[in-house]
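The values are calculated or read from the model by the stated rules, or taken from the named source; none is laboratory data. These numbers come from a predicted model, not from an experiment. When we count neighbours, we look across all protein chains shown, and the Cβ atoms used for this are built from the backbone with ideal geometry, even at glycine.
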Amino acid sequence: MKQLYILGTRGVPAAHGGFETFAEHLALFLVARGWDVSVYCQEDNASFQDIREESWRGVRRIIVPVGGSGPLATLLFDWRCVRHAARRPGDLLVLGYNSALFNLIFLFFGKFFFINMDGIEWQRPKWSLPIKAWFWLNEQIAGRSSPHLIADHPAIERYLRARYPKARITMIAYGGRHVTEACAASLDRFGLTPGTYYLSVCRIEPDNSMLELVQAFSAERRKTKLCVVGGFQPDTNAYHRKIRDAASEDVIFPGAIYEQEAITSLRFHLRAYCHGHQHGGTNPSLVEALGAGNAVIAHDNAFNRWTAGADQFYFDSVTGLKAIFDRLDQDDEALANARKASEARFKEDFDWDNILSQYETLLSTSRSRFRGAETADHRLLPSPTDEPQLNQLVAGESDQN
């Protein structure tokens, strides 16, 4: 029986973010196909320290307690997971490189492991210089020492190949659910009606363009609303205060929402989805929007353009964003065309069955296939003439070396 250990998330069942959701889908998919799958799960503020195991839907949950919460507790969790996994039989899938320094212990024990490199975390402007340095160091360690890297976006793969030409890299995108119906009654609690609101689901921070979205939408009175889902604390967060002060009465902030039914209803019945992310790879929230057949308003960058496709609406300024809102408030035909394009784009590259099958194929590959081999292309990427933005992105990254 094939054995796999999944590290780097807070665990399953998913309750926090994209990596947790992916770990849940992958673990259940592989178990159904006869794999022995274990997922390391973080337990905060624990009064005991013993690692324990339990079964959940056929998946082995390895529960690792830590005596606190926050970044330091997460580092302790990662360290305990690595030490534990290094002594277990089977291969390893590490989601994220933020503590790749610890993964060096795998090399000492002769363990074969894959790392999903996620986004270019050290470039995000929200981090302080010491945190950026930590992320940069760990990216270097992961890129130069890991047996196999996984990129979730062509731009990330190109970035990795430019920096780590000797690395073995596979590109597999993130997946999502194809949503074809949702109960509209869930909208009542938010005071919304189908087709009359825009939605954004994200962490409310500067590199997700939330201030720009609110400013553009609030520039004039509208018959539509903007619903911003995410933790919102204007009394203690200066950036959140700026957003609150810029918001018209047609912008609503329901806070973070974790109920899947409510989020699905909000996505399915909206007018268009707003995605202001300026960094990252294949973003889970954008994939979920495509899976719900949403028209998309997105920040104009190579990450978003490849994911959402050419037939959506892109902005690079508040003025341009306001023009998009002005148009989509009225242009139902443009919205309908964008929705058809979203559904087609989702089916092309992001359906879970396709994504998880690609992972199984990769994870099933014997390590002997890679030992001493040259870097392998596991997916044909767009040519330079087809994807100038991706080449521009990588060229810019390479210039920083």
The one condition in (1) modelled with pLDDT under 95; (2) in the same structural domain as E360 (by TED's automatic domain parsing); (3) under 30 Å from L290 (Cα atoms) that L149 fails to fulfil: (1)
Identity of the residue in segment 1-60, in contact (Cβ under 8 Å) with a residue 24 or more places away in the chain and of a type in the set (F, W, Y), that ends up farthest from G281 (Cα to Cα): W56
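A quick yes/no check of all residues on (1) aliphatic (A, V, I, L, M); (2) touching a Phe, Trp or Tyr at 6+ places or on another chain (Cβ under 8 Å):
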| site | (1), (2) |
| --- | --- |
| I6 | yes, yes |
| V12 | yes, yes |
| L26 | yes, yes |
| A46 | yes, no |
| D50 | no, no |
Selection from segment 282-306 of residues that are of a type in the set (V, I, T) and touching a strand residue (DSSP E or B) at 6+ places or on another chain (Cβ under 8 Å): V287, V296, I297
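Yes/no matrix, rows are residues, columns are (1) surrounded by fewer than 16 Cβ atoms within 10 Å (Cβ to Cβ); (2) assigned to a loop (DSSP other than H, G, I, E, B); (3) assigned by TED's automatic domain parsing to the domain that holds D250:
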{"residue": "K111", "(1), (2), (3)": "no, yes, no"}
{"residue": "D118", "(1), (2), (3)": "no, yes, no"}
{"residue": "W122", "(1), (2), (3)": "no, no, no"}
{"residue": "A133", "(1), (2), (3)": "yes, no, no"}
{"residue": "A142", "(1), (2), (3)": "no, no, no"}
{"residue": "L160", "(1), (2), (3)": "no, no, no"}
{"residue": "A167", "(1), (2), (3)": "no, yes, no"}
{"residue": "T170", "(1), (2), (3)": "no, no, no"}
Filter result for the condition that a residue is surrounded by fewer than 17 Cβ atoms within 10 Å (Cβ to Cβ) and more than 17 Å from the chain's Cα centre (by Cα), over G255, G293: G255
Criterion (part of a helix (DSSP H, G or I), at negative phi and in contact with a Ser or Thr (Cβ under 8 Å, 6 or more places away or on another chain)) met by exactly one of L149, L104, L137: L104
Complete set of residues in segment 96-109 that are closer than 21 Å to G175 by Cβ and either surrounded by 22 or more Cβ atoms within 10 Å (Cβ to Cβ) or free of Cβ contacts under 8 Å to residues at least 24 places away in the same chain (or both): Y97
Test for S38: is it among the hydroxyl-bearing types (S, T, Y) and either buried (at least 18 other Cβ atoms within 10 Å of the Cβ) or not assigned by TED's automatic domain parsing to the domain that holds F135 (or both): yes
Unique residue being under 23 Å from the mean Cα position of the chain (by Cα) and aliphatic (A, V, I, L, M) when the list is L107, L95: L95
Residues that are touching a helix residue (DSSP H, G or I) at 6+ places or on another chain (Cβ under 7 Å) and free of Cβ contacts under 8 Å to residues at least 60 places away in the same chain, drawn from segment 65-82: V66, W79
